[in-house]
Amino acid sequence: MKLLLAAILTLALLVIGFYIYKTRKEEKVLARTVGQTLFFGWVIVLFNLISLVTNFERVCLFAYSMYFVASDWMLYYLLRFSIGYIGVDFRRYVKRWIMLPVLAVDSLLVLLNNFNRFMYDLRPVELFGGEAYWELTISPFFFGHYAINVLLVVFSLIALFYGTFTAPVFYRKKYLTIAAMTTALMIINVFTVTSAVDISVIGYVVEAIGIYYCAFVYTPQKLLQKMLFQVTKDMTVAVFVLDTDGKRLYSNTYADALLNPETAPRNTGDETLEEWCQARYLNEEEAFIEEQFFYRGDEEVILKIQLQRMVDDKNLLQGGYFVIQDQTEEINNLKKEQYLATHDSLTGLYNKEYFCEVAKRYIERYPETEFYVICTDIKEFKIINDSFGTQIGDQILRNAARMLKEELKGAVVTGRIGSDVFAILMPKGNYNELFFRNQKSKDFLHGIDKAFSFPVVSHIGIYEVTERDLPVSVMCDRARMAINTIKEDYHKRIAYYDEKLRAEIVREQELIKDFDKALEHGQIKMFLQPQTTVDGSLLGAEALVRWCHPEKGWISPGEFIPVFERNGLISDIDRFVWEQACKQLKAWKEMGRDDVYISVNISPRDFYFLNVFHTFIDLVEKYDIEPKNLKLEITETAIVLDFNRQVELITRLRKNGFVVEMDDFGSGYSSLNMLKDIHVDILKIDMAFLKKAKDEDRSKKILQMVIGLSNQLGMPVITEGVESEEQVKFLSEIGCDMFQGYYFAKPMSVEEFEERYFLLDK
């Protein structure tokens, strides 16, 4: 019998040892605690085996002491496992600084029992037909050790039962299993602890297997099924499982909705999605992932479909499942992002970068085709936006884009490459100049309130693609350079880029580059052209600007003024001339000649780059001059661009003592209606008015009427550009009494002006 028991205990050691080894392979947090619990269980079985087979009393007594010491530490680690297993921090609930010393003292007392036997002793007994065994006899001190063991078990059971009643239902079996095994082990141990043959040791084997299984192996099948069901149910992709015949065994909520026969998408062959999937499942031998297009009514549905087939070890089909993801929104969003990245959001045309990219591909793809790159922009678009609001400006841009998309024939690429700049790539053979030339202001004003009366016209610049390797952006720049040459010309709408133009542009860039230095070093000078009576008596002068370049000599105003008007530098020149005029008026005042005025020009752009009113108020205060001696010439073009604002400004200036002249009357949009609404002091007419007319006699009559009407309204008229005695006589007869022109005097320096008029007076 003893051999049989020894064999059983040896087998138990092997089993526990096997699970200790497996525990060392686990990576879970509890693996170390489980391993320590199993180790001390293995020690218990080992020394129980020794106590069973030895014939020596002292060896048996030592084996029992090691048995009891190991039981202390096994139950301690069982407690740690139980508390950690239910998800609670062991150190938070167990005061180790108390428990560990208690266990250490108890272990020491048990080991001391080998010398004085104050806790327990042994006596020989015969069992099973006369076999010799050692039986334990205990003293009251032994119950102190036993009480510690019982408390450790009780605390472990409390933790396990707490987990049993607070955990989700699927975990309760695990906690209850370990608690039941521990309870049974202690009950058996109570009745067999003093027996020569302690059958409770077998319980340690059972518990070791149970702890390992519950901690690392056992997953409740119902929990697994429910979790898998819940996971697939809430997925935002369709999942459905088919048997070997293609019948649906399971489908999640998303799949149920997607496969609903009443709303299911169909392919072009009128197959529903499920019918298509079943056919592919039965006919396909391999798994696949692919993108398919279906339709729900007229709506396109883009699906990513994955088939997985499940086979056994003999490669026989056992079933399969589909995973289907609706990518319609994702792909549409991607397309939208790509569209926004390549198109202008306001007009729907290509943006600058994509226009250049696509145009370049066309030019490369058709090397034998001659192309035009055409750019258009809207005259004074910034003024439209500033004065009338971006809502009207945006509608004008949309109308311009619509005309390019719907009415322009032959364009291969169109784009919006700037605020109001559009670009077109067109084969030269498709170009029709009439399309651009015949555009009317009303074409741009579709959908805009009829009260909006600002003239809207576009300029067109054309670059013939002769250097095909140039970046398209450079081609567009050249087309826009052509536009810049006609921006101030009311009669030209279309300009072509050529080498002559390129040279002019280079010249313009040189002028712009030299401008700041010219102002700083006094190269920009104020000249004066006298304004006189019919007999040549001096009334005042108009301030004009001249540029004396140290290398190029005198540069004509006709060369640099249009350049600076286009890029805004004209405001710097005007501000300089105004300042010089005020300085000169102050100097004349100190000479006693405050009877002479100087007229200064206000360019249309000055109203947008300068605060005109405050600038002139500050200047007359700074130089202590009379406002009436600084006459202000405003072109009718500037007035018509923002009529109400300019009328208000003119009124404020006149109230503050300034004399306001309307310059260039008759050159642009003049009408009797303007004379009715605008109260200026002087009307200034250019004799070029007559030169431009085909019927000079008819024009003279109109001029006579305008001067007469002006005089009746109390507005004196000054005529500039007077070059002959005949003109002087004619103008004098029809009521003009102020003159300016080469007939009387050319523009001259201030020194020459003073020498000619002031010294003569002396």
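In the chain, the calculated helix contribution to ellipticity at 222 nm averages -16500 deg cm²/dmol per residue, counting -39,500 (n - 2.57) for every DSSP H run with n ≥ 4.
For segment 32-44, backbone phi angles converted through the Karplus equation (6.51, -1.76, 1.60; θ = phi - 60°) give residue-by-residue couplings of 5, 5, 4, x, 5, 4, 5, 4, 5, x, 5, 4, 4 Hz, Gly and Pro being listed as x.
In this simple spin-label model, placing a label point 7 Å from the Cα along the Cα-to-Cβ direction at both L14 and F141 gives a separation of 4.1 nm.
E433 to D516: FRET efficiency via 1/(1 + (r/R0)^6), r the Cβ-Cβ distance, R0 56 Å, to the nearest 0.05?
Working: r = 40 Å, r/R0 = 0.71.
The pair E433/D516 has a calculated efficiency of 0.90.
Which order do E720, E271 fall in if you start with the one that has the fewest other Cβ atoms within 10 Å? Could you put the intermediate results ahead of the total?
Working: E720 19, E271 16.
With the sparsest Cβ surroundings first, the list reads E271, E720.
Here the residues W276, W547, ranked from fewest to most Cβ neighbours within 10 Å of their Cβ, fall in the order W276, W547.
Run the numbers on segment 223-332 and let me know its relative contact order in percent, using alpha-carbon pairs under 8 Å that are six or more apart.
On the way: 185 pairs, mean separation 27.4, N = 110.
Computed over segment 223-332, the figure is 25 percent.
Taking the Cα atoms only, what angle lies between the long axis of helix 472-484 and the longest principal axis of the chain, rounded to 10 degrees? Value to nearest ten degrees: 30.
For the chain, what relative contact order do you get, as a whole percent, if you take Cα pairs closer than 8 Å and at least 6 residues apart?
Working: 1084 pairs, mean separation 44.7, N = 762.
Here the relative contact order equals 6 percent.
Annotation: the chain has a Kirkwood hydrodynamic radius of 37.7 angstrom, from the mean reciprocal C-alpha pair distance.
Between E725 and C548, what FRET efficiency comes out of the Förster formula 1/(1 + (r/R0)^6) with R0 = 25 Å and r the beta carbon distance, rounded to 0.05?
0.20
The modelled label-to-label distance for the pair L4/F613, using points 7 Å beyond Cα in the direction of Cβ, is 12.2 nm.
On the basis of the beta-carbon distance and an R0 of 25 Å, D449 and K409 show a calculated FRET efficiency of 0.25.
Separation of segment 366-390 and segment 623-657, taken as the distance between their Cα centroids, equals 33 angstrom.
For the pair I331 and R645, the difference between a 0.36 nm per residue extended length and the Cα-Cα distance amounts to 107.9 nm.
Residue order for H491, H521, H145, H679, fewest other beta carbons within 10 angstrom first, comes to H491, H521, H679, H145.
Can you tell me, using C-alpha contacts under 8 Å and at least 6 residues apart, the relative contact order of segment 511-613 as a whole percent? Contact order relative to length: 26 percent. A simple charge model with +1 on the Cβ of Lys and Arg, -1 on the Cβ of Asp and Glu and nothing else charged puts the dipole of the chain at about 3400 debye relative to its Cα centre.
Grab the Cα-Cα distance for K583 and N315, subtract it from 0.36 nm times how many residues apart they are, and report the gain in nm with one decimal. Walk me through the intermediate numbers first.
Working: separation 268, 0.36 × 268 = 96.48 nm, distance 10.42 nm.
Gain on stretching K583 to N315: 86.1 nm.
Projecting the Cα atoms of I494, N438, N385 onto the dipole axis of segment 343-497, where Lys and Arg carry +1 and Asp and Glu carry -1 at the beta carbon, places N438 farthest toward the positive end.
Relative to the longest principal axis of the C-alpha atoms of the chain, give the angle of the C-alpha long axis of helix 328-342, reported between 0 and 90° and rounded to the nearest 10°. Around 30 degrees separate the two axes.
Could you tell me how many degrees, from 0 to 90 and to the nearest 10, lie between the Cα long axis of helix 57-85 and the main elongation axis, the longest principal axis, of the Cα atoms of the chain? For helix 57-85, the angle is close to 30 degrees. Residues whose amide H comes within less than 5 Å of that of V413, counting only those at least five positions distant or on another chain, are L425 (H built at 1.01 Å from N in the peptide plane).
Values quoted throughout were computed directly from the atomic coordinates according to the rules given, and no laboratory measurement underlies them. Predicted model only: the values in this text are computed from it and were never measured. Glycine gets a Cβ as well: all are built from the backbone with ideal geometry, and neighbour counts include every protein chain shown.
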